[in-house]
Every structure is written in C-alpha cells, then in structure tokens.
Amino acid sequence: MNYRPLRVANLIREELGMMIARELEFPGALVTITDIDVNKKLEIAHVRVSVIPSEKAAESLKTLQAARGELQYKLVRKLNIKPMPQLHFSIDHGPENAAAVEKALLSE
C-alpha cells in the first residue's frame, strides 16, 4: 500500500491551515480545514473546509479560490514536494449537519 498520498495530505493540512489562519481574512467567519484527500498520482488535493457561521460559506469559498494560486505557490516553496497537487476547495457541511442532529436529539 502506498502511504505517500496520506503523508502529503497531512503535510498540506498542517501548512495550509497555518497559512489560512495567518494570511487570509474572513470577516465574521471562522474557517478551518476538516479534510484533505490527495489522489494516488498526487495531481489533485481536495480540501474541505468548515465555515462558521454557514451563511458566510460562499463568501469564504470565493476568498479561498481567489488565493488558491498564491497558497499553492507558497506550499511548493515551503514543502518542496514534487509534484505538488492542485488545490481544490469545497465546503464541508458535516459539522453543521452534526450540530443539527444533536440539537434535534436534545430537544426530544
């Protein structure tokens, strides 16, 4: 079994999380990385982010997409991984759905 995609995903998660926290601004929102999947050929990294409050999700996703090139460039220089996977951001609604289920269970 090839563990390289998993190791690359963990490296990207660590560095990208710090970059998002330090360099990007999301007014009125908290953005965190929930999961990163890197394909076997190390071509694409699907980055799922959680946004609180969820009303700011679309705006936060646009900010991440706009900064994608710069973030990827900094990751290449910092991690020195070849090939560096292309970053693709999407919103993870899992934490939001879990909170809704928990609230429904507690109200019964």
Test: residue in the range 37-54 that is assigned to a strand (DSSP E or B), small (Gly, Ala, Ser), closer than 20 Å to residue 97 by Cβ and under 14 Å from the mean Cα position of the chain (by Cα): yes
Scan of the range 1-44 for residues that are touching a Lys or Arg at 6+ places or on another chain (Cβ under 8 Å), among the polar types (S, T, N, Q) and surrounded by 12 or more Cβ atoms within 10 Å (Cβ to Cβ), ordered by number: 34
Evaluation of residue 84 against (1) aliphatic (A, V, I, L, M); (2) without any contact (Cβ under 8 Å) to a residue 60 or more places away in the chain; (3) in a helix (DSSP H, G or I) (one fails), failing number: (3)
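Taking the range 45-56 as the search range and keeping residues that are in contact with a Ser or Thr (Cβ under 9 Å, 6 or more places away or on another chain) and not hydroxyl-bearing (Ser, Thr, Tyr), which one is surrounded by the most Cβ atoms within 10 Å (Cβ to Cβ)? Lay out the reasoning, then the answer.
Here is the first cut: in the range 45-56, the ones in contact with a Ser or Thr (Cβ under 9 Å, 6 or more places away or on another chain) are 46-52.
Those still in the list that are not hydroxyl-bearing (Ser, Thr, Tyr) too: 46-49, 51-52.
Numbers: 46: 16, 47: 25, 48: 16, 49: 22, 51: 23, 52: 16.
Residue satisfying both the conditions and the ranking: 47.
Report yes if residue 90 is farther than 16 Å from residue 12 by Cβ and either assigned to a strand (DSSP E or B) or aromatic (Phe, Trp, Tyr) (or both), otherwise no.
Details: farther than 16 Å from residue 12 by Cβ: no; either assigned to a strand (DSSP E or B) or aromatic (Phe, Trp, Tyr) (or both): yes.
When the stated conditions are applied, residue 90 does not pass them.
Would you confirm, using the coordinates I've provided, whether residue 102 is more than 24 Å from residue 5 (Cβ to Cβ), part of a helix (DSSP H, G or I), among the charged types (D, E, K, R) and touching a residue at least 24 places away in the same chain (Cβ under 8 Å)?
Numbers: more than 24 Å from residue 5 (Cβ to Cβ): yes; part of a helix (DSSP H, G or I): yes; among the charged types (D, E, K, R): yes; touching a residue at least 24 places away in the same chain (Cβ under 8 Å): no.
Here the answer is no, as residue 102 does not meet what is asked.
A short reminder: the numbers here are calculations on the coordinates, not readings from a lab. What you see is a predicted model; the values in this text were computed from it and never measured. Positions of Cβ are backbone-derived with ideal geometry, glycine not excepted, and every protein chain shown enters the neighbour counts.
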